[in-house]
Amino acid sequence: QVQLVESGGGLVQPGGSLRLSCAASRISFSRYQLGWYRQAPGKERELVATITSSGSTNYADSVKGRFTISRDNAKSTMYLQMNSLKPEDTAVYYCNAQTLVWDYWGQGTQVTVSS
């Protein structure tokens, strides 16, 4: 079975930083487009950032300049470096791996930005 496991979430003060990781197993990691999504209470799930198999990145306007997505194919791991965190970044963050025919999700990790 394909498995995606997020880690690195937690409680952080406004202006602080967190680094999320998503480790994959039983998957041809380098072939997948990867992404981070988030869902806040009462809100729809939204795209945060994506990175293609060739390394091209895309970010939601709300996180541009603050978040950086990256991938390490040798470790089958994706990262999301989050800097200058704001209370509105509070959400459950999910990692995603997809091709044209497959779509996998992790269980999510909670990020709470509060003083």
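Which strands (runs of 3 or more DSSP E) does the stretch 1-78 wholly contain that include 1 or more residues that are more than 14 Å from the chain's Cα centre (by Cα), among the hydroxyl-bearing types (Ser, Thr, Tyr) and within 24 Å of Leu100 (Cβ to Cβ)?
Numbers: elements: 3-7, 10-12, 18-25, 33-39, 46-51, 57-59, 67-72.
Those strands (runs of 3 or more DSSP E) span 18-25.
If I ask for residues that are open to solvent by less than 50 Å² (accessible area, probe 1.4 Å) and over 29 Å from Ala74 (Cα atoms), which ones from the stretch 17-44 would you list?
Initial filter on the stretch 17-44 (open to solvent by less than 50 Å² (accessible area, probe 1.4 Å)): 18, 20-25, 27, 29, 32, 34-38, 40.
Passing the criteria: only Ala40.
Rundown of residues vs (1) closer than 18 Å to Gln110 by Cβ; (2) in contact with a His (Cβ under 9 Å, 6 or more places away or on another chain); (3) polar (S, T, N, Q), yes/no style:
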residue: Leu18; (1), (2), (3): yes, no, no
residue: Ser25; (1), (2), (3): no, no, yes
residue: Ser28; (1), (2), (3): no, no, yes
residue: Gln39; (1), (2), (3): yes, no, yes
residue: Glu46; (1), (2), (3): yes, no, no
residue: Thr52; (1), (2), (3): no, no, yes
residue: Ser70; (1), (2), (3): no, no, yes
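For the stretch 79-115: of the residues being more than 15 Å from the chain's Cα centre (by Cα) and at pLDDT 95 or above, which is farthest from Asp61 (Cα to Cα)?
It comes out as Ser114.
Against the definition (open to solvent by 30 Å² or more (accessible area, probe 1.4 Å), free of Cβ contacts under 8 Å to residues at least 60 places away in the same chain, in contact with a helix residue (DSSP H, G or I) (Cβ under 8 Å, 6 or more places away or on another chain) and within 21 Å of Val113 (Cβ to Cβ)), how does Ser53 come out, yes or no? Give the steps one after another, and end with the answer.
Working: open to solvent by 30 Å² or more (accessible area, probe 1.4 Å): yes; free of Cβ contacts under 8 Å to residues at least 60 places away in the same chain: yes; in contact with a helix residue (DSSP H, G or I) (Cβ under 8 Å, 6 or more places away or on another chain): yes; within 21 Å of Val113 (Cβ to Cβ): no.
For Ser53, the condition - open to solvent by 30 Å² or more (accessible area, probe 1.4 Å), free of Cβ contacts under 8 Å to residues at least 60 places away in the same chain, in contact with a helix residue (DSSP H, G or I) (Cβ under 8 Å, 6 or more places away or on another chain) and within 21 Å of Val113 (Cβ to Cβ) - is not met.
Output the qualifying pairs, or none if there are none: Cβ atoms under 8 angstrom, residues six or more apart or on different chains, first residue in the stretch 76-104 and of a type in the set (Asp, Glu), second residue buried (at least 19 other Cβ atoms within 10 Å of the Cβ).
Sorted first by the residue in the stretch 76-104, then by its partner, the pairs are Glu88/Val113; Asp89/Arg38; Asp89/Val63; Asp89/Met82; Asp89/Val111; Asp89/Val113; Asp103/Asn96; Asp103/Ala97.
Only one of Thr99, Thr77 is of a type in the set (Ser, Thr, Tyr), surrounded by fewer than 18 Cβ atoms within 10 Å (Cβ to Cβ) and either farther than 26 Å from Pro14 by Cα or touching a strand residue (DSSP E or B) at 6+ places or on another chain (Cβ under 9 Å) (or both); which?
Values: Thr77 fails: surrounded by fewer than 18 Cβ atoms within 10 Å (Cβ to Cβ).
Every option except Thr99 fails the conditions.
The values are calculated or read from the model by the stated rules, or taken from the named source; none is laboratory data. Worth saying up front: this structure is predicted, and the values here are computed from it rather than measured. Glycine gets a Cβ as well: all are built from the backbone with ideal geometry, and neighbour counts include every protein chain shown. The accessibility values were calculated without ligands, DNA or RNA, using every heavy atom of the protein model including side chains. Shrake-Rupley method; radii C 1.70, N 1.55, O 1.52, S 1.80 Å.
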